[in-house]
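Comments concern the structure below.
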Amino acid sequence: MYCSGCASPIAPGLSFCNRCGTSLKERSESRQIGAISAIVTAMVLVAMAAMGLLLGGPIALKREGGFGEELIVLFMFLTFFICAFSEIFLYRQLGRLTNAKREPMALPNPAVIPAEFRVPQPLSLAEPSASVTENTTRTLEYSREERRR
């Protein structure tokens with residue numbers, strides 16, 4: 001299990017992370033789904049605002065403000081940089097929320113791997129193993145006969 005705050009491995013049964021102190025108590029599913037939907041909504045709103053600023057901002061600055069092309073290009077660059085940084089931050093937060101409950105990936109079961117990817121097995125047959133009860137009945141029969149004599 002890993003901490004949702006700092007991603008360091010933690011022992012099961014702890015209430016708080018030893019490294020960062022984050023509470024490790026189970027979060028309710030509705031709270032997590034609400035947080036995920038809030039982040040996705042914020043990502044969409046930031047993207048729409050960025051498109052509006054990048055398309056309408058230069059036109060308004062040129063017509064109404066009378067700014068030169070150098071300032072308009074600088075405005076577009078800064079707007080793009082700020083919006084891209086915000087989207088990357090929101091995407092990272094979304095990744096932290098969705099990966100918090102994931103367990104480490106286990107190696108695949110060899111029985112499930114398709115035949116073309118398996119290691120070839122030797123063709124020789126193994127010697128049959130002796131039965132556990134093979135000599136027990138004979139031994140008991142011999143002991144009964146010995147008592148009669």
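The values are calculated or read from the model by the stated rules, or taken from the named source; none is laboratory data. Source: prediction; values computed, not measured. Here Cβ is always computed from backbone atoms with ideal geometry, including for glycine, and neighbour counts include all displayed protein chains.
Might you let me know whether region 62-83 holds any residue that is at positive phi, among the small types (Gly, Ala, Ser) and in a loop (DSSP other than H, G, I, E, B)? Give the steps one after another, and end with the answer.
Just the residues of region 62-83 that are at positive phi, to begin with: 66.
Cutting the leftovers down to among the small types (Gly, Ala, Ser) gives us 66.
Checking the rest, the ones that are also in a loop (DSSP other than H, G, I, E, B) come to 66.
Yes, region 62-83 contains a residue that is at positive phi, among the small types (Gly, Ala, Ser) and in a loop (DSSP other than H, G, I, E, B).
Within the option set Phe80, Phe67, being out of contact with any His (no Cβ under 6 Å at 6 or more places or on another chain), surrounded by 14 or more Cβ atoms within 10 Å (Cβ to Cβ) and not acidic (Asp, Glu) holds for one residue only, Phe67.
Could you please let me know if Ala50 is modelled with pLDDT of 90 or more and surrounded by 14 or more Cβ atoms within 10 Å (Cβ to Cβ)? Here the answer is yes, as Ala50 does meet what is asked.
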